[in-house]
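Okay, so here's the structure we're looking at.
Each reported figure results from applying straightforward, stated rules to the coordinates on display, with no laboratory input. Small disclaimer: the values here were computed from a predicted structure and weren't measured. Every residue, glycine among them, receives a Cβ derived from its backbone with ideal geometry; neighbour counts consider all protein chains shown.
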Amino acid sequence: MMKLKTIAWVAILLPGAVMSAPANEPQAEQEAIAALTLGAAVTRPPATETLRGVVDSVDQGRNTIKIRLSQNREEFFQVQDGLIFDAVRFGDPVEISVQTISGARTIVRLLKE
């Protein structure tokens, strides 16, 4: 009768003991996971600025587009994706998202309005 009770308790308690085993990870592994998590929290994406204007010129050879942002302000922007050149022409009103990449203001997204 005692053996039967012991077997019953082992059958009930053993699955719980097996399932709790991963909580006993080595300290170094837990620290590595914490360091990766902390590193991910510190990394920030580059700041993105959204501007509206009109395409003033397209220079595919120099990988730039000149946007007229207001009557008195025009600015050259690098283009991240060369497919943008196929999407725009002189005079198109556009909304662009700009990031500074390697020191140059670069169009990372362009929407025709």
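Annotations for the structure displayed:
- Count of region 92-106 residues, restricted to those that are crowded, with 19+ Cβ neighbours inside 10 Å and within 11 Å of Thr48 (Cβ to Cβ), is 3.
- Among residues of region 89-111 that are among the basic types (Lys, Arg), those with a Cβ under 7 angstrom from a residue that is surrounded by 13 or more Cβ atoms within 10 Å (Cβ to Cβ), sequence gap 6+ or separate chain, pair up as Arg89/Val55; Arg105/Phe77; Arg105/Gln78; Arg105/Val98; Arg109/Ile96; Arg109/Ser97.
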